[in-house]
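None of the figures in this text is laboratory data; all of them are computed from the coordinates on show. Every value quoted in this text rests on a predicted model; they were computed, and no experiment measured them. Cβ placement follows ideal geometry from the backbone for every residue including glycine, while neighbour counts extend to all protein chains displayed.
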Amino acid sequence: MTQEKATADTVLEIRAVHHRYGRALALDGVDLRLVAGECVALLGPNGAGKTTLVNLVNGLLPAQAGRVRLAGGDPRDAATRRHLGVVQQSLGFPDTLKVGELVTGAAVRAGMPRAAAAPVLAELGLTDLAGRRAARLSGGQKQRVQLAMALVSDPALLVLDEPTAGLDVPARRRFWQILAQRRARGTAVLVTTHLIAETAAIADRVVVLDHGRVVAAGSPAALAARLPDRTVIARTSLGPARLAGLPGAVSVREDGDHVRIGTRAPESLLRVLLAEDPELSDLRVEGAGLSDAVVGLTEPTEPTEPTGSTEQTGKVGVR
Amino acid sequence: MNVRVLGVEVLDELRGIVREPAALFFAVVMPVGFFALFSSLFGEPTMLATFGTFGVLAVSLMSPGIGVARDRELGWSRAKRVSAVPVGITLAAKVVAALPYAVGVLLAMTVAAALTGSLDASAGVLLRVGGVLVLGALPFALLGMAVGFQAGTNASSAILNAILLPSAVLSGLWMPLEILPGFAASLAPFLPTYHLAQLALAQFDGGGGAGHALVLAGMTAVTAALAAVSYRHSRL
Ligand SMILES: Nc1ncnc2c1ncn2[C@@H]1O[C@H](COP(=O)(O)OP(=O)(O)O)[C@@H](O)[C@H]1O
Ligand SMILES: [Mg+2]
């Protein structure tokens, strides 16, 4: 009884989920819970397992191990997916359908009246495009059509897989603005991205996925403060243990005959590094990509539970 | 509620058919043109049954199957699969949307027969022939979709044509079996298309053909299972 009470406003519950493609392990024990109105960004480099996790939530993939519950039901059941809105990573529209027809169709498929389409088209700035064939839209417009189709049923959970990949900055900003309005109305959102900078604009909570495991979680600000934003690259004779001990070194990775050191304070790190290794060569400092940033993170900073949750679950994603 | 959803799905499919006139041309104009030519040459009333079988077959084998393949190639089938619509409705819509198309082919052939003076059947017989052909097309639509779940758009089109054209010839849809080499006549009873044509022909002499109907029913069960297995193993 107490457990039911604690999960009453749980929209999505993922527990101990593993997923394999043949022999390759794509998800290695992921737990995640979303409550109503919460927005979680799933952050991870390419191949981290984001799409796999999203496809378990939207019912495209069966749960091989562990459990996925959407609004209390199994997302593999069509009826459960009435609570779900989906924006997929690469979706093409049939060349023969128009924007208005697509959104009206989505309304009817979700059991809504046809008239539900018009306000959503207006909300997303698509009214003027309603008569246009969807296959002939720009990337940003197509993503807005997908979002309109997802929102027309007023879902409890909206799942978006890298919805702004390939969009230019204005289109991106516009997309996040629309999403923010919906969040304000209480829709829970799970969105994947490989851009850490985006998470601050959209998420209450960031969950970092790498190699199929949750390696960090927390508020966007807390994570940004912890993840390295610069990579120092050099050829050096110093060993990894010595490098990891440098002031401000967050992560160390060997890359051929170079090392890549993630840091938030490249200046002080470099001073010591140059002093310790006079033979250092081929030095570069770059902005840290996400794969550099998540290297070295091995466990969540904060539990991946919604704030205020009373439910106890085990540590997440730690071997 | 599912009726409304089916309605919307069928409407989308019909839009897809009507807004792509090139496909319409091949599937309607070609069989009807052939029929007009042959029936004006030979004036045989039962040619409506054999050419009608070919026309309905061309539509039912190709249209749903290629539609499924194209949706998969676009990623559009993933959008359907994550929606709240049961997959059966999406697939039923593809078959239902092919019906007006098939009926259109039959109507055009009937008109062509009337114009060339070879139409010699009562309205009842015409309706029965049409009913048999439209219902009997189901297993072929299922077979087409079984292919479309596995192959791409172009490959599906090639595979289904490679099934359609030899089946048509060997089942005597274009030329009577009597004038084909002997092996064709002995092969024909193994082809479902032959049984569909025979069932349609049987309507001209007052019905019958329960054996042919039975073969088609069995074929429907087999192709439905095939389509289900193919769907389950399809890549999205
Ligand atoms: N259909 C598939 N077959 C085989 N391997 C796959 C398939 N989809 C994804 N993978 C592998 O699983 C891992 C996770 O992929 P994915 O979930 O797409 O990651 P992300 O979306 O974070 O880039 C990757 O190593 C990827 O190569
Ligand atoms: Mg992905």
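Quick notes on this structure:
- With a 10 Å cut-off around each Cβ of A:110-122, the average count of Cβ atoms from other chains is 1.
- Inter-part distance where the stretch B:94-129 and the stretch A:210-226 are each reduced to a Cα centre, Å: 66 Å
- Highest average first, the peptides B:130-138, B:85-93 ordered by how many other beta carbon atoms sit within 10 Å of their residues are B:130-138, B:85-93.
- Charge dipole magnitude, Cβ of K and R +1, D and E -1 - chain A, Cα centre, debye nearest 20: 980 debye
- For chain B, the longest principal axis of the Cα atoms and the long axis of helix B:87-115 meet at an angle of about 30 degrees.
- Positive minus negative residues near A:GLY140 (Lys, Arg vs Asp, Glu; Cβ under 11 Å): +4
- Which of A:VAL35, B:VAL103, B:GLY67, positive extreme of dipole for the protein assembly as shown (C-beta unit charges): A:VAL35
- Positive-end residue, the protein assembly as shown charge dipole about Cα centroid, Cβ charges, pick of B:VAL134, A:ALA184, B:THR223: A:ALA184
- Choice from B:LEU160, B:LEU180, B:LEU126 showing the highest fluctuation, given a GNM over chain B with Cα pairs closer than 10 Å: B:LEU180
- Here the dipole of the stretch A:1-135 is about 320 debye; that uses its Cα centre as origin and unit charges on the Cβ of Lys and Arg (positive) and Asp and Glu (negative).
- The mean number of Cβ atoms from other chains found within 10 Å of a Cβ in peptide B:14-21 is 3, as a whole number.
- Helical mean residue ellipticity (222 nm; -39500 (n - 2.57) per DSSP H run of 4+; nearest 500) of the protein assembly as shown: -15500 deg cm²/dmol
- Neighbouring Cβ atoms from other chains, within 10 Å of the Cβ of residues in A:92-102, number 5 on average.
- Within a Gaussian network of chain B (alpha carbon springs, distance under 10 Å), most fluctuating of B:ALA113, B:ALA155, B:ALA84: B:ALA84
- For peptides A:173-181, A:279-287, sequence by mean Cβ density within 10 Å, most packed first: A:173-181, A:279-287
- Distance from the C-alpha centroid of the stretch A:123-138 to that of the stretch A:17-85: 30 Å, rounded to the whole angstrom.
- Cα long-axis angle, helix A:139-151 against chain A (0 to 90 degrees, to the nearest 10): 60 degrees
- In chain A, taking the dipole from charged Cβ atoms about the Cα centre, the farthest positive-side position among A:ALA26, A:PRO278, A:VAL68 is held by A:VAL68.
- Using Cβ point charges alone (K and R +1, D and E -1), the dipole size of the protein assembly as shown about the Cα centre works out to roughly 660 debye.
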